[in-house]
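Only one structure is covered here, and it is reproduced in the block below.
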Ligand SMILES: Cc1cc2nc3c(=O)[nH]c(=O)nc-3n(C[C@H](O)[C@H](O)[C@H](O)COP(=O)(O)O)c2cc1C
């Protein structure tokens, strides 16, 4: 058994998405103490911004005519896909930035989608694998809140992971991580504490069930 884990937070200290990811991973590891984990810290070691366009160009160019940059980009897309294909379970921890998807996660996904095994229309190498998406938000975008509808990341990530990559996905969400950091949000302290506990409970549950068998393709 093996786990693939991706973290997209741009910080390594105090990261709430990493903390929730750690809970998921610990629950999975309890059942597989000696199993391998492959990690990508794309918030601090991003895929190169030019890799996606180079890999798209490579896909339309015979191998012998590719530039060195195109060959390197196609090689990176292939290596990233190998990591996903080899894993039995997958964990993605991705914060909300500027009301949208983390640019690092978008670059990563775009590059993976250039590999023929993950291209839209193919049966993806990830099909049916159990996966958890942890997502955290400094604010709160729930129904009825003043900024309802401003989270433009979660729906896209679900589309990619659930529908395009066909993962058997569970989602852990923690809102209001900036309560206690931004004094303007102090009035929400009690609610934020509840939301933190709820997210930790989700992470524990979904971490345990990450051990389930893959769905048939
Ligand atoms: C540059 C930047 C932009 C952010 N934009 C948003 C945002 O649009 N909406 C939001 O709710 N939180 C936003 N946040 C807050 C983060 O989502 C929050 O701090 C989250 O906890 C970060 O993940 P981490 O704790 O794993 O590092 C932003 C944070 C940073 C650093």
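Where a number appears in this text, it was derived from the coordinates with a stated rule and is not lab data. Since we're looking at a predicted model, the values are computed, not measured. Virtual Cβ from ideal backbone geometry, glycine too; neighbours counted across all protein chains shown.
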Practice problem: Select from region 165-177 the residues that are in a loop (DSSP other than H, G, I, E, B) and more than 16 Å from the ligand (Cβ to nearest atom) and write down the one among them that is surrounded by the most Cβ atoms within 10 Å (Cβ to Cβ). | Solution: 167
Quiz item: Among (1) more than 30 Å from residue 52 (Cα to Cα); (2) without any contact (Cβ under 8 Å) to a residue 60 or more places away in the chain; (3) part of a helix (DSSP H, G or I), where does residue 204 come up short?
Solution: (2)
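Residue-by-condition table, conditions (1) free of Cβ contacts under 8 Å to residues at least 12 places away in the same chain; (2) under 15 Å from residue 96 (Cβ atoms):
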position	(1), (2)
152	no, yes
161	no, no
165	no, no
178	no, yes
191	no, no
197	yes, no
211	no, no
Quiz item: What number of residues within region 20-60 are under 14 Å from the mean Cα position of the chain (by Cα) and either without any contact (Cβ under 8 Å) to a residue 12 or more places away in the chain or in a helix (DSSP H, G or I) (or both)?
Solution: 5
Exercise. Would you point out the residue of region 136-164, among those that are under 12 Å from the mean Cα position of the chain (by Cα) and buried (at least 18 other Cβ atoms within 10 Å of the Cβ), that is farthest from residue 193 (Cα to Cα)?
Key: 160
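Results for (1) within 16 Å of the ligand (Cβ to nearest atom); (2) crowded, with 22+ Cβ neighbours inside 10 Å, shown as yes or no for each residue.
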residue: 7; (1), (2): yes, yes
residue: 10; (1), (2): yes, no
residue: 13; (1), (2): yes, no
residue: 17; (1), (2): yes, yes
residue: 20; (1), (2): yes, yes
residue: 26; (1), (2): no, no
residue: 36; (1), (2): no, no
residue: 45; (1), (2): yes, no
Quiz item: Consider residue 64 against the criteria (1) over 23 Å from residue 166 (Cβ atoms); (2) more than 16 Å from the ligand (Cβ to nearest atom); (3) in a loop (DSSP other than H, G, I, E, B): it satisfies all of them except one. Which criterion is unmet?
Solution: (3)
